[in-house]
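These notes are about the structure you will find just below.
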Amino acid sequence: MRFFDLHCDTLYRIIEENQNIYSNTFHVDISRTSKYKPYIGCHAIFIPDEYRGQNALDLFNRAHKELCLQEEKFNKYIKVCKNKSDIKNANENSTKQEIIFTVEGGAALAGNINNVKHLYNRGVKIMTLTWNGSCEIGDGVGVENSRGLSKFGTSVIKQMENLGIIVDISHASEKLFYDVSQVASKPFIATHSNAKYICPHRRNLTDEQFKVIKNSGGIVGVTFAKDFLSEKDASLTDIIKHIEHFLSLSGENTVSIGSDFDGTDMPKGIDGIESIYSLYEQMLKLNYSESLLDKIFYKNAYDFITNNIK
């Protein structure tokens, strides 16, 4: 099967725990992703809310350096995406696992608009505007009485769109979300968010928000974060419930997967990247067609990314 993951935090864990991308004790390593033909994964550098200003930019730079070192060391197995041609080549010739460099937290810009180009020049293809707190771009979902998108944030979105960096609103406050929907001239996405109708977690999307993303031409990655799946003990069944709900909102071409591997606790039945097969097979048993499953697990994300980066 083919697998395209819109979000994992493996790169951050590699830095923090001094392991490598080929073989580690995390949810994701390349020795296991090689089972998918192809595997394309968006590997984010997570910027925690306690990192701001130069500290946040330094963390980003450290992550970029580490990713380059990992690619050099394991160049037989992985390739870091430089442009859409690299992704198309991975799709047609899956001898290497493709990694897309992304940022989770616009604090990485350190409040300097010139750093959007700095991120772009280092291969960033997607940026989550905030984490749960506030940064120079605006307010995350954890901020009470959110002010939404800042003036700086508006400039950032315009610059991202000019360069071909995709805007990601996972972690955004509701006010920020709707501000982005008014400012954005290109499709935007939620890389790892679920349905609030199924589980009322603050990080999940309302039906209206899902439709706004869908109508913009964007996609939504259903995440395996157990607290976003269910208020009780979550399992594979709960992942399917969120997928089914988004499909009921005419989301056949919108629903994707954004696992959040290595960034959160997983539900029962998901141990790591190797468990994707279990989810796929369970959905096959529920009479999902192979063509629809390929859209959810791969094609929707692949089509969107190749149509919206340079």
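The values are calculated or read from the model by the stated rules, or taken from the named source; none is laboratory data. Computed from a prediction, not measured in an experiment: that's the story for all the values here. FYI the Cβ positions are ideal-geometry reconstructions off the backbone, even for glycines, and counts take in every protein chain you see. Remember, those area values only see protein heavy atoms, side chains included, never the ligands or the DNA or RNA. Shrake-Rupley method; radii C 1.70, N 1.55, O 1.52, S 1.80 Å.
Quick notes on this structure:
- The residues on offer are GLY258, GLY263, GLY221, and the sole one that is open to solvent by 10 Å² or more (accessible area, probe 1.4 Å), within 27 Å of ASP303 (Cβ to Cβ) and either modelled with pLDDT under 95 or within 12 Å of the chain's Cα centre (by Cα) (or both) is GLY263.
- Of the criteria (1) under 20 Å from the mean Cα position of the chain (by Cα); (2) within 24 Å of LYS88 (Cβ to Cβ), which one PRO48 fails: (2)
- Checking GLU174, GLU161 one by one, the residue that is within 21 Å of LEU229 (Cα to Cα), without any contact (Cβ under 8 Å) to a residue 40 or more places away in the chain and acidic (Asp, Glu) is GLU174 and no other.
- Residue check for VAL103: within 20 Å of GLN159 (Cβ to Cβ) and part of a strand (DSSP E or B): yes
- Within the stretch 120-148, if we keep just the residues that are surrounded by fewer than 20 Cβ atoms within 10 Å (Cβ to Cβ) and closer than 29 Å to ASP86 by Cα, the residue that is farthest from the chain's Cα centre (by Cα) turns out to be ASN121.
- Meets criteria (in contact with a His (Cβ under 6 Å, 6 or more places away or on another chain) and either free of Cβ contacts under 8 Å to residues at least 40 places away in the same chain or within 20 Å of LYS310 (Cβ to Cβ) (or both)) for ARG122: yes
- A single member of GLU16, GLU50 is among the acidic types (Asp, Glu) and not in a loop (DSSP other than H, G, I, E, B), and it is GLU16.
- Test for VAL116: is it open to solvent by less than 30 Å² (accessible area, probe 1.4 Å), of a type in the set (Val, Ile, Thr) and more than 27 Å from PHE3 (Cβ to Cβ): yes
- Test: residue in the stretch 228-245 that is over 30 Å from THR25 (Cα atoms) and at pLDDT 95 or above: yes
- So GLY111, is it open to solvent by 10 Å² or more (accessible area, probe 1.4 Å), at positive phi and not in a helix (DSSP H, G or I): yes
- Counting only residues that are in contact with a strand residue (DSSP E or B) (Cβ under 9 Å, 6 or more places away or on another chain) and either of a type in the set (D, E, K, R) or at pLDDT below 95 (or both), the stretch 173-199 holds 4 of them.
- One residue stands out among those in the stretch 280-299 that are in contact (Cβ under 8 Å) with a residue 24 or more places away in the chain and open to solvent by 10 Å² or more (accessible area, probe 1.4 Å): the one that is nearest to ASP86 (Cα to Cα), which is LYS299.
- For first residues located in the stretch 106-117 and more than 19 Å from ALA44 (Cβ to Cβ), partners that are open to solvent by 30 Å² or more (accessible area, probe 1.4 Å) and lie 6+ apart or on another chain with Cβ distances below 8 Å form the pairs GLY111/GLU136; GLY111/PHE152; ILE113/PHE152; ILE113/SER155; ILE113/GLN159; LYS117/GLN159.
- Whichever residue in the stretch 62-80 is in contact (Cβ under 8 Å) with a residue 24 or more places away in the chain and assigned to a helix (DSSP H, G or I) and, among such residues, is most open to solvent (accessible area, probe 1.4 Å): LYS73
- Single unsatisfied condition, LYS151 versus (1) among the basic types (Lys, Arg); (2) in contact with a strand residue (DSSP E or B) (Cβ under 9 Å, 6 or more places away or on another chain); (3) open to solvent by 40 Å² or more (accessible area, probe 1.4 Å): (2)
- Here the helices (runs of 4 or more DSSP H) wholly within the stretch 180-258 that include at least 1 residues being among the small types (Gly, Ala, Ser) are 207-216, 236-248.
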